[in-house]
1. Find the relative contact order for the chain and round it to a whole percent, using C-alpha pairs within less than 8 Å whose residues are 6+ positions apart.
2. Between Rg and the Kirkwood Rh of segment 1-42, both from Cα atoms, what is the Rg to Rh ratio?
3. How far apart, in nm, are two points set 7 Å out from the Cα along the Cα-to-Cβ line at residue 120 and at residue 33?
4. Just order 5-18, 101-114 by mean Cβ neighbour count inside 10 Å, highest at the front, would you?
5. Round to a whole number: what % of the accessible area of the chain belongs to carbon and sulfur, probe 1.4 Å?
6. Relative contact order for segment 30-71: what is it in percent, counting Cα pairs under 8 Å that are at least 6 residues apart?
7. Ignoring ligands, DNA and RNA, what accessible area per residue does the chain give at 1.4 Å, in Å²?
8. How much length, in nm to one decimal, is gained on full extension between residue 45 and residue 88, taken as 0.36 nm per residue of separation minus their Cα-Cα distance?
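The values are calculated or read from the model by the stated rules, or taken from the named source; none is laboratory data. The structure presented is a predicted model; accordingly, all values stated were derived computationally and were not measured. For neighbour counting, all protein chains shown are included, and Cβ atoms are generated from backbone atoms with ideal geometry for every residue, glycine included. In case anyone asks, the SASA skips ligands and DNA or RNA and just uses the protein heavy atoms, side chains included. Shrake-Rupley method; radii C 1.70, N 1.55, O 1.52, S 1.80 Å.
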Amino acid sequence: MVRWRDGRGELVVLRPDGGVSARVPLEVAASYRARTRGLLGRDALEGALLLSPANSIHTFRMRMPIDVAYLDRRLRVLAVRTMPPGRLGRPRVRARHVVEAEAGAMAGWGLGVGAVVEVRALR
């Protein structure tokens, strides 16, 4: 399983032909503390937040609806959901990572079930 440290990088959404569909600024939350904090208290997010390891999320105490993508160990998208504040997401058995973004953003990036992503340039 891929392991990252808290930090910043870039989420690259790949097309089926291997080209790049989107490059998105990324925050990585890999420590327990960073994953617990997540998007709490934020009014907006530029780009995406990667929670790793994670296979479920909640939106309690959040101020905005979010898109949620569940990724397997090979960074393939298993499911994408839009969740309003105050919800508990179902755990995904094969999910190892979760990407969160503002509601509607993932469709614009071409991120859907079966898509593959890469995490690049962590600083």
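1. The normalised contact order for the chain reaches 30 percent.
2. Result: Rg/Rh = 1.09.
3. Inter-label distance under the simple model: 3.1 nm.
4. For the peptides 5-18, 101-114, the packing ranking is 101-114, 5-18.
5. 49 percent
6. It rounds to 46 percent for segment 30-71.
7. Spelled out: the 1.4 Å probe surface of the chain, per residue, equals 56 Å².
8. 13.5 nm
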